[in-house]
Amino acid sequence: MPELELIGAAPSNYVWTCRIALAEKGVPYRLNELRPHSPEVDAIHPFGKIPVMRHGAVELCESRAICSYIDNVFNGPKLAPSDPARAAQVEQWVSIVNTHIDPVWVRQYLRAHFFPNTPDGSPERETIDAALPKMEQQFATMDRAVANTGHLVGDTFTLADMNFMPILYYMGLKPESSALLQRSPNLKAYVDRHMARKSVQETVPTWIPGQKASERAA
Ligand SMILES: N[C@@H](CCC(=O)N[C@@H](CS)C(=O)NCC(=O)O)C(=O)O
């Protein structure tokens with residue numbers, strides 16, 4: 001079989017989700033760390049977003065589609081349960097995280113920290129403050145979602161968790177979101193537990209936006 005090439009910068013939460021999925025399945029791959037809108041990315045994603053993927057003649061974009069391909073083409077543990085109701089619940093949580101959580105926690109809040117539009121590069125205070133009331137409610141919702149089993153669906157680590165964990169990791173890095181996490185006991189236990197998982201641990205990005213090259217992990 002040809003080698004799978006995953007294209008996208010490692011800090012992207014969606015690239016990281018695909019890397020966790022690849023690690024869970026035990027699939028060897030090459031990570032090509034290109035940024036959004038690079039020519040190779042634009043050639044595959046109609047809106048230039050990462051991740052994109054190449055595997056032989058197959059080219060794909062969108063993390064959910066890439067994970068579905070990985071799950072169906074390669075051996076290894078399934079990324080979602082075979083029970084139809086449970087499988088649909090995985091889709092449900094991937095969808096909720098991608099349409100409600102990511103737009104506020106990542107695109108609004110984290111962007112204002114990592115890529116601020118301020119003259120001196122300091123965090124965009126207004127944007128952050130506008131996100132926080134929504135985040136407070138959403139943290140409470142997600143805290144309840146993992147309260148029973150420490151997973152989003154059933155009592156196993158599924159694609160729903162693989163999709164959510166990268167976002168939660170980043171929440172621990174910035175002050176306001178870290179405080180929210182500390183006040184969400186179930187989410188805090190969830191992130192601590194799953195950060196220790198091999199597939200997550202071995203794919204943690206070695207650099208994050210705004211970090212100096214000298215500060216990067218090896
Ligand atoms: N729905 C896409 C979202 C991908 C996405 O938003 N990627 C971000 C990086 S985490 C990106 O490429 N942003 C650049 C842009 O929006 O122009 C997926 O699941 O793959």
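Residues D155, D143, D192: which one is farther than 25 Å from D71 by Cα and without any contact (Cβ under 8 Å) to a residue 24 or more places away in the chain? Can you show your working first?
Values: D155 fails: farther than 25 Å from D71 by Cα; D143 fails: without any contact (Cβ under 8 Å) to a residue 24 or more places away in the chain.
Just one listed residue meets the conditions, D192.
I'd like the full set of residues that are more than 16 Å from G172 (Cβ to Cβ) and either surrounded by 14 or more Cβ atoms within 10 Å (Cβ to Cβ) or of a type in the set (S, T, N, Q) (or both), limited to the stretch 183-202.
In the first step, residues of the stretch 183-202 are kept if they are more than 16 Å from G172 (Cβ to Cβ); the result is 198-199, 202.
Result: S199, single match.
Condition check: on the phi < 0 side of the Ramachandran plot, assigned to a loop (DSSP other than H, G, I, E, B) and among the aliphatic types (A, V, I, L, M). Does V204 satisfy that?
Details: on the phi < 0 side of the Ramachandran plot: yes; assigned to a loop (DSSP other than H, G, I, E, B): yes; among the aliphatic types (A, V, I, L, M): yes.
It is true that V204 is on the phi < 0 side of the Ramachandran plot, assigned to a loop (DSSP other than H, G, I, E, B) and among the aliphatic types (A, V, I, L, M).
How many residues does the stretch 36-66 hold that are within 9 Å of the ligand (Cβ to nearest atom) and either surrounded by 18 or more Cβ atoms within 10 Å (Cβ to Cβ) or acidic (D, E) (or both)?
Of the residues in the stretch 36-66, the ones within 9 Å of the ligand (Cβ to nearest atom) are 36-37, 41, 45, 47-52, 61-66.
Pick out the ones that are also either surrounded by 18 or more Cβ atoms within 10 Å (Cβ to Cβ) or acidic (D, E) (or both) and you get 41, 45, 49-52, 61-63, 66.
Adding up the residues that qualify gives 10.
For T99, state whether it is open to solvent by 40 Å² or more (accessible area, probe 1.4 Å) and not in a helix (DSSP H, G or I). Step through it out loud before you land on a result.
Details: open to solvent by 40 Å² or more (accessible area, probe 1.4 Å): yes; not in a helix (DSSP H, G or I): no.
Answer is no for this residue.
Tally the residues that are more than 19 Å from Y14 (Cβ to Cβ) and either of a type in the set (G, A, S) or not in a helix (DSSP H, G or I) (or both), restricting the search to the stretch 189-201.
2
Here's a check for you: in the stretch 141-182, which residue that is over 24 Å from K78 (Cα atoms) and hydroxyl-bearing (S, T, Y) is most open to solvent (accessible area, probe 1.4 Å)?
Here the answer is T141.
Would you mind telling me which numbered condition in (1) in a loop (DSSP other than H, G, I, E, B); (2) under 25 Å from Y14 (Cβ atoms) P119 fails?
The single condition P119 does not satisfy is (2).
Only one of (1) farther than 19 Å from I167 by Cβ; (2) near the ligand (Cβ under 10 Å from one of its atoms); (3) in contact with a helix residue (DSSP H, G or I) (Cβ under 7 Å, 6 or more places away or on another chain) is not met by P81, so which one is it?
Every listed condition holds for P81 apart from (2).
The values are calculated or read from the model by the stated rules, or taken from the named source; none is laboratory data. The structure displayed is predicted, hence computed values, not measured ones. Here the Cβ is made from the backbone with ideal geometry for all residues, glycine too, and neighbour counts use every protein chain on show. Side chains included, ligands, DNA and RNA excluded: accessible areas come from the protein's heavy atoms. Shrake-Rupley method; radii C 1.70, N 1.55, O 1.52, S 1.80 Å.
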